[in-house]
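We did not get these values from a lab; they are worked out from the coordinates using the rules stated. Remember, it's a predicted structure, so these values are computed and weren't measured experimentally. Ideal geometry is used to build each Cβ from the backbone, glycine not excepted, and the neighbour counts take in all protein chains shown.
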Amino acid sequence: MSTALLQALEKQDIHGLVSAIEAGADVNEFVKPNGERPLTVAIESFECPVERHTALHILLAAGANPTLLDDDEEFLGPLFSAMLAQDAKSLRILLTAGADPALEHRGLGETLYEAAEVDYLLETWMMELPEQPMDADKASEEAWLGFLKRIAVEHGKPTPDCMFELWSAGACRSLRRSD
């Protein structure tokens, strides 16, 4: 475990991050005792989105593998953390670098896309949409996303950008879904 790398990430220190990498820190190793890897720690630590995105680019350029999951028995790793941060640009950076949008949340049997939907509905609407979707709004995933975007714009709420990003990259719903 690279102490310098972990400290740079937790202190939101871009220069320290570069220095740790130049000193030979492994950008794919577990850097926290709970099993998180550097990409996940970067997303969770950097509060400024611009610096967060810079840190992701630096780690990826240094060889960080966005397909490696954290070893915490529960989360998906950097994609899941980016989704929880409601950071569609971090999702795009990771997906462009090869992260798998079709991952399932370990233990819950729901896909990352489904988790993004629940997170969006909870954080934006407290699970209570201001209007019910019509049958046409439920006819396809694209129609559902269009409905969510329309009501968000009409009500001055955030649009479901993380859901759009994941769906555009090939995310899917669980095959075990019953409805």
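Worth a mention:
- Within a straight-line Cα-Cα reach of under 16 Å, K32 can be paired with the following aspartates and glutamates, leaving aside sequence neighbours fewer than 8 residues apart in one chain: E10, E44, D70, D71, D72, E73, E74.
- Between A61 and A143, the contour length at 0.36 nm per residue exceeds the Cα-Cα span by 25.9 nm.
- Under-5 Å amide H pairs with T111, H placed in peptide plane, nonlocal only: H105, S174
- Tail fraction, Cα-Cα pairs, the chain, threshold 24 Å, whole percent: 39
- Estimated purely from DSSP H runs of n ≥ 4, each contributing -39500 (n - 2.57), the mean residue ellipticity at 222 nm for the chain is -15000 deg cm²/dmol once divided by its residues.
- Qualifying lysines (Cα of each under 16 Å from Cα of K138; at least 8 residues distant if same chain): K149
- Working from Cα pairs under 8 Å separated by at least six residues, relative contact order for region 102-179 is 40 percent.
- With a Förster radius of 45 Å applied to the C-beta separation of E123 and A23, the computed FRET efficiency comes to 0.70.
- Charged-residue dipole, Cβ positions (Lys, Arg, Asp, Glu), region 9-153 about Cα centre, Debye nearest 20: 520
- Estimated at 0.36 nm per residue, the fully extended path between R173 and Q132 surpasses their Cα-Cα distance by 12.7 nm.
- DSSP-loop GluC sites (Glu not before Pro) across region 125-179, with at most 11 other Cβ within 10 angstrom: E128, E131
- FRET efficiency for the pair K11 and H105, taken as 1/(1 + (r/R0)^6) with r the Cβ-Cβ distance and R0 = 35 Å, rounds to 0.75.
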